[in-house]
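Trainee: Got a structure for you, questions after.
The values are calculated or read from the model by the stated rules, or taken from the named source; none is laboratory data. Because the structure is predicted, anything quoted here is derived from the model rather than measured. All Cβ positions, even for glycine, are placed from backbone atoms using ideal geometry, and neighbour counts span all protein chains on display. Ligands, DNA and RNA are excluded from the accessible area calculation, which covers all protein heavy atoms including side chains. Shrake-Rupley method; radii C 1.70, N 1.55, O 1.52, S 1.80 Å.
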Amino acid sequence: MKAVKIAVAFTSKEICFYDLLSKEEFPCQYKLQGLQGAPICMDYWYDPFDPKDSILSFGDITGKVQAIAFTAAVISLFERPANACDDEEATMTIDWAELVSGCHKCCHVLQHTTHHGDWVRQVTYNASLDAFISSTMSSTNTVVLAWREKSKKLLKMTSFNIAQGIHAFDYHSRLNLIATAGINNKVCLWNPYVLSKPVGVLWGHSASVIAVQFFAERKQLFSFSRDKVLRLWDIQHQLSIQRIACSFPKSQDFRCLFHFDETHGRLFISFNNQLALLAIKNEASKRVKSHLKAVSCVLYNSHLKQVISSDVGSTVSFWMIETGQKIKQFAGCHGNAEISTMTLDANKTRLLTGSTDGTVKVWDFNGYCHHTLNVGQDGVVEISQILVLKKTILVVGWERAVTVFRPHNFNQFFIQSEEWKGGVRHQDDILCAAFLPPQTLATGSYDGEIVLWNNNTENAHHVLHPGYQRQLASMLDLEAQKLNAGRSRATHCVADQTNQAALNVKIDTEGNNAVMRLCFLEARKTNAATGGANLVSCGASGYVRFWDIFKKVLLAEFLAHAGVGSIVMSTDKLNQYLATGDPDGCLKIWNIEEYCTNSTDSKVTQTPTLLRSLQPHEDRISSLEMCESGGHLLIISSSADCSVCVTGLSNAPALIFGQASRWNIENYFSLPKRDTNLVESKIPEENMEINPLFSEEESSLDSTEESLLTEENRDNSTHTTRSSEEMNFSLKCKRRNIFKNKTHKPYYGEILQKSTSTFGSLSLRNLEELPEVKKPAFLQDPDRYFKEEPEEDESQIPELPLLSETLKAVFDEKSLFPKELLYRERQDKPLCQERNGETKIKRNKKRL
C-alpha cells in the first residue's frame, strides 16, 4: 500500500496490515479476521491524484472475489472502536462481519461468487475500466469482469470462457487488451467488451504459460512458460521478437512470481526461494538484419560453398559465402513452430531441421520434404541437436534418453523412433552430443555429466564430470547384478567405491556445469600415446574444458567469458583454432594447436593464446561454424539479433549476410601487409642465395629436392646467361612451388608469424634516369623513307584487230599481208568440242 506506507500480508483467513513508518520493526497495525475462505491472491490500487481513495481486492479458495474500498486511506483505513486501548501501537482487530454490515464508515465491501467454488488465481482492480478482473483455472467463467455501477457498491458481471483455464492475465489500458496465460500453451489477447473470441492468439510456447505482463511503453508483451522460456512479443504484429531459455535456476516444481519494473527496465522472476533479475539493454542500433526473426542455427555446406541459416519463424535461408548474396529461402518449414537446430547428412545433399513442434524434417535443396521424424511422439519438445551417423540418426535435448532413428526404415514419409539399447544413463536432460570414429559417442547433460558410449553396442561405459568420473556397468551386467545380488557382495562393494566420489559432489540443480556443446578433436589422432586432450566441452558459467577420453580425466579448464552465462563454440577441421560466443554477442578466437597436447599431473587452468576478440552481434550468439574459403579461415555466427555474420582472423570488420553491398570474400580477408619495422631480417652474406621468404618449416626441404634444383639451375646456365638476381629469384620461385605441392596446411595470414608474402624480400628502389636517345633517321626524315614513288608506264600489248576488220581489210587493197594473216588465223584458232568420247576438230569452213 504505497500511498499510506502500509504492507499487507495474508495468512489462513486473516489479513494483517503493517506500519512501515514505525520506528520499531514493522508492528502490525490492523488485523482483519473472520474471513470465510483463506485468501490466495491479493492486489492493492490507489488513486495517484487522490490517495485517500484506494481499493484492496483479494480472492480465496472458495471462488469468492472480495474487495475493500477505502475512502479515507491517508487518515485511517478503519474506524477505531470506542472501547479500544489508548496505545496507538497496539494491534487493532477487526472482524470481517463488521465490514460487511457497514459498521465502518470510511470503507465498504464489494464481493461476488461468479467463479462457483474454483480457486481464484489472480485478481486486480483497473481504474480505466472501473472493474475487478479475476481468473481461475476452470474452463467456464475463466476470466470474470465485475463492473462497478454508478453507486460504486453494486457489480455487473461479464466473463470469458477459455479452454483448460489460465494461470494469469494482464491488462493494457492504452491498447484496451487483456492478455491471458493459457494452460494450453497459448497467449490470447481479449477485448474486454468482446466475449465471444479473442482478438489475437500468440503461438510459440512449448509448455503452459504461467505469467504474462505488458510492456506498455513499447506495446510489447512478456510471457513466461513452465519450461522456463521467456518470450517478448510485438503486440501490433503478434510476433515473437525475442526468446530467452536456460537462464533460470533448475527446479522441477516451483512457484513463480512475475514482475516487470518498466521504469528501470528490470524484470523480476521468483522461483520458490530464489529471485532472478533480467535487465533490458539499451535500444539496439539500426543494423542490417539477415532474418526477420531471431536466428537459431547456422551451417556451412562446403560442397556448394553456401551458408544455411534458420530462425525462430520457421524460415531457412541460403547464402553464397563468396558474395553474401541470398540465393533462396524456405518459409514455414514447420508451420508456426520455431526451428531450434539443423544439420547436414554425410553427403551434404540433405538438410535436417528440428523444431519445437516435436518433429525433425529431411529436406533436399529444392525445398522438398522427404521424411518427417516423429521425435516427440506427437508432443511438444525442445530439440537441441541432431547427430547424423552412418547407421543411425540421434536426437537429443528434452529428456534423459537418446532418441534414435535407423535409416534402413526410411521407406515411408512419417517415421517413428526406435528404442535406444543403452537405456537412460543421464540424471538430467541431454543437451548435446558428439561422435568420434569409429565408435565413440559422447553426450552432455544439464547437470554437467558427459557420458561416453560405444555407438555400435549402444552401451555406456564411463561418466565424466568436473568433480568426478566413474565407470558404468553395461545393461547386461546390471541385469546380472540384480539376479546375483544375494550371493555377490563384492560387486556391491566395488560399485560403492566407484560411486563414492559422485555421491560426495553436490547435485547441480542450477545448471552451473551444463554442457551446451561437445566437440571431438579428430585431428589429434596420436594422442592415445601422448595422453593429450581429444574432447572439448563448453556451456554454463563461460568455461571451456579439455578432456582425455582415453584416460578419463579432465586435463584443463579456463574461463573464456566471465559473468555471461552459457556459451557456444566451434573448431576448425585441423583443430588449430577454437571460436567461442556468449549471450552478449562477443566472439573470441583461440589458438589451441599446442594446447593440452600432453598429459599432466595437475589440471591446467591457463588460457590458450587469444588471437582475436570482437563483438559482431548485439544479442546472444546462438550458433557458430568455422570453415575455409579461398585459403582463409572464416567464422560464421548467428545471433538472436536477427543477423548472420562472417569474420576472419584478420582485423577486418565482420560482414553481415543481407547487407546491400556484395563482397568478394577472398579480397576482403586478404593477407595484411607485413610491417618491416617489426621484423628484423639479418642474413649473412654467404647465405644470400638462400630464400629468406620461407619459415623454418618451409626452408627445410629434402636434400634430394635441393639437388634437383641445383642440377636444373646448372643445366639452365649452360644454355642461357642470367644475372645473379634473376637466378636467385628463379630459385625462390621453384622452391616455393615445391613447398606448395608438398604441404596441405592452410595459410592464415597474420597468425602464422613466420610466414610472409611472396615478394617480401625484393628490394625496391628508384629507377635510374635514361640518357637522351636520338630519334632514328626514319622519324627525322619520313619523306625520305616513306615517299610514294611515281607510277611507271607499263608497256601495253597492242590489241589484235577484230576478225571482221581483218576480213574487211582483205578486200581492201591497202592491207599489206591479207592472205598470210588469214591463213595464220585459221591455223592458230581451231574449235574443239568433245562428243561421245571422241575429239573432233572443226575448222572454220567459212569461205572467203
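Trainee: Which one is most open to solvent (accessible area, probe 1.4 Å), of the residues in the range 258-277 that are under 15 Å from E217 (Cα atoms) and in a strand (DSSP E or B)?
Mentor: R266
Trainee: Looking for something touching a Phe, Trp or Tyr at 6+ places or on another chain (Cβ under 6 Å), surrounded by fewer than 22 Cβ atoms within 10 Å (Cβ to Cβ) and in contact (Cβ under 8 Å) with a residue 12 or more places away in the chain - is there at least one such residue anywhere in the range 438-456? Break it down stepwise before answering.
Mentor: From the range 438-456, those touching a Phe, Trp or Tyr at 6+ places or on another chain (Cβ under 6 Å) are 441; that's our starting set.
If we keep only those that are surrounded by fewer than 22 Cβ atoms within 10 Å (Cβ to Cβ) too, we end up with none.
Within the range 438-456, none of the residues are touching a Phe, Trp or Tyr at 6+ places or on another chain (Cβ under 6 Å), surrounded by fewer than 22 Cβ atoms within 10 Å (Cβ to Cβ) and in contact (Cβ under 8 Å) with a residue 12 or more places away in the chain.
Trainee: If you scan the range 405-416, which residues turn out to be assigned to a strand (DSSP E or B) and either small (G, A, S) or surrounded by fewer than 19 Cβ atoms within 10 Å (Cβ to Cβ) (or both)?
Mentor: Result: F414, Q416.
Trainee: Now a separate question. Determine the pairs where a residue that is more than 30 Å from L230 (Cβ to Cβ), located within the range 294-322, has a partner that is assigned to a loop (DSSP other than H, G, I, E, B) and open to solvent by less than 10 Å² (accessible area, probe 1.4 Å) with Cβ atoms under 8 Å apart, the partner being 6 or more residues away or on another chain.
Mentor: Once the first residue is more than 30 Å from L230 (Cβ to Cβ) and sits in the range 294-322, its partners that are assigned to a loop (DSSP other than H, G, I, E, B) and open to solvent by less than 10 Å² (accessible area, probe 1.4 Å) give Y300/I321; K305/I321; Q306/I321.
Trainee: Testing S309 on (1) under 23 Å from G376 (Cβ atoms); (2) within 12 Å of the chain's Cα centre (by Cα), one condition comes back false. Which one is that?
Mentor: Condition not satisfied by S309: (1).
Trainee: Inside the range 583-631, can you point out the residues that are open to solvent by 70 Å² or more (accessible area, probe 1.4 Å), assigned to a loop (DSSP other than H, G, I, E, B) and farther than 27 Å from V295 by Cα?
Mentor: Of everything in the range 583-631, those that are open to solvent by 70 Å² or more (accessible area, probe 1.4 Å), assigned to a loop (DSSP other than H, G, I, E, B) and farther than 27 Å from V295 by Cα turn out to be E594, N598, D601, S602, K603, T605, Q606.
Trainee: Tell me, please, whether a residue that is open to solvent by less than 10 Å² (accessible area, probe 1.4 Å), at pLDDT 90 or above, of a type in the set (S, T, N, Q) and within 23 Å of A433 (Cα to Cα) can be found in the range 563-571.
Mentor: no
Trainee: Between V74, V65, which is under 17 Å from I15 (Cβ atoms) and either in contact with a strand residue (DSSP E or B) (Cβ under 7 Å, 6 or more places away or on another chain) or touching a residue at least 12 places away in the same chain (Cβ under 8 Å) (or both)? Talk me through it step by step, then tell me what you get.
Mentor: Working: V74 fails: under 17 Å from I15 (Cβ atoms).
Among V74, V65, only V65 is under 17 Å from I15 (Cβ atoms) and either in contact with a strand residue (DSSP E or B) (Cβ under 7 Å, 6 or more places away or on another chain) or touching a residue at least 12 places away in the same chain (Cβ under 8 Å) (or both).
Trainee: Within the range 417-436, can you find the residues that are touching a residue at least 24 places away in the same chain (Cβ under 8 Å), closer than 14 Å to T392 by Cβ and open to solvent by 50 Å² or more (accessible area, probe 1.4 Å)?
Mentor: Within the range 417-436, just K421 meets the criteria.
Trainee: For the range 88-128, name all the residues that are free of Cβ contacts under 8 Å to residues at least 12 places away in the same chain and either open to solvent by 40 Å² or more (accessible area, probe 1.4 Å) or within 59 Å of the chain's Cα centre (by Cα) (or both).
Mentor: Once the filter is applied, which keeps residues that are free of Cβ contacts under 8 Å to residues at least 12 places away in the same chain and either open to solvent by 40 Å² or more (accessible area, probe 1.4 Å) or within 59 Å of the chain's Cα centre (by Cα) (or both), the range 88-128 yields E88, E98, V100, S101.
Trainee: Inside the range 604-631, can you point out the residues that are of a type in the set (S, T, Y) and touching a residue at least 24 places away in the same chain (Cβ under 8 Å)?
Mentor: First pass over the range 604-631, keeping only residues of a type in the set (S, T, Y): 605, 607, 609, 613, 622-623, 629.
T605, T607, S613, S622, S623, S629 - these are the residues of the range 604-631 that are of a type in the set (S, T, Y) and touching a residue at least 24 places away in the same chain (Cβ under 8 Å).
Trainee: What tally of residues in the range 323-334 results from selecting those that are part of a loop (DSSP other than H, G, I, E, B) and in contact (Cβ under 8 Å) with a residue 24 or more places away in the chain?
Mentor: Matching residues across the range 323-334 total 5.
Trainee: Quick check on the range 132-153. Is at least one of its residues surrounded by fewer than 22 Cβ atoms within 10 Å (Cβ to Cβ), under 21 Å from Q36 (Cα atoms) and polar (S, T, N, Q)?
Mentor: No, the range 132-153 has no match at all.
Trainee: In addition: Taking the range 372-383, which residues are free of Cβ contacts under 8 Å to residues at least 60 places away in the same chain, crowded, with 21+ Cβ neighbours inside 10 Å and either more than 19 Å from the chain's Cα centre (by Cα) or more than 20 Å from R406 (Cβ to Cβ) (or both)?
Mentor: Across the range 372-383, the qualifying residues are L373, V375, G376.
Trainee: With (1) at pLDDT 90 or above; (2) under 30 Å from the mean Cα position of the chain (by Cα) as the list, and A460 as the residue in question, which single condition is left unmet?
Mentor: Result: A460 passes all but (2).
Trainee: For the range 504-562, what are the residues that are at pLDDT below 90, part of a helix (DSSP H, G or I) and over 16 Å from E593 (Cα atoms)?
Mentor: Selection gives N504, A528, A529, A540, S541.
Trainee: Among the residues of the range 195-216, count how many are assigned to a loop (DSSP other than H, G, I, E, B) and either within 25 Å of the chain's Cα centre (by Cα) or buried (at least 21 other Cβ atoms within 10 Å of the Cβ) (or both). Break it down stepwise before answering.
Mentor: Taking the range 195-216 as the starting set, the residues that turn out to be assigned to a loop (DSSP other than H, G, I, E, B) are 195-199, 203-208.
From what is left, the residues that are either within 25 Å of the chain's Cα centre (by Cα) or buried (at least 21 other Cβ atoms within 10 Å of the Cβ) (or both) are 203-207.
Residues in the range 195-216 being assigned to a loop (DSSP other than H, G, I, E, B) and either within 25 Å of the chain's Cα centre (by Cα) or buried (at least 21 other Cβ atoms within 10 Å of the Cβ) (or both): 5 in total.
Trainee: Only residues that are open to solvent by less than 30 Å² (accessible area, probe 1.4 Å) and within 16 Å of G265 (Cβ to Cβ): list them for the range 217-249, please.
Mentor: Q220, L221, F222, L230, L232
Trainee: Sort through G37, G59 and tell me the only one that's within 25 Å of K156 (Cβ to Cβ) and at pLDDT below 90. Please lay out each step first, then the result.
Mentor: Values: G59 fails: at pLDDT below 90.
Checking each option against the conditions leaves just G37.
Trainee: Go through the residues of the range 154-168 one by one and say whether even a single one is crowded, with 21+ Cβ neighbours inside 10 Å and within 19 Å of S57 (Cα to Cα).
Mentor: Checked the range 154-168: at least one residue is crowded, with 21+ Cβ neighbours inside 10 Å and within 19 Å of S57 (Cα to Cα).
Trainee: Shifting gears a bit: How do the pairs read when you match residues in the range 632-656 that are acidic (D, E) with residues anywhere that are surrounded by fewer than 22 Cβ atoms within 10 Å (Cβ to Cβ), using Cβ under 6 Å and keeping only pairs 6 or more apart or on different chains?
Mentor: D641/E618; D641/D619
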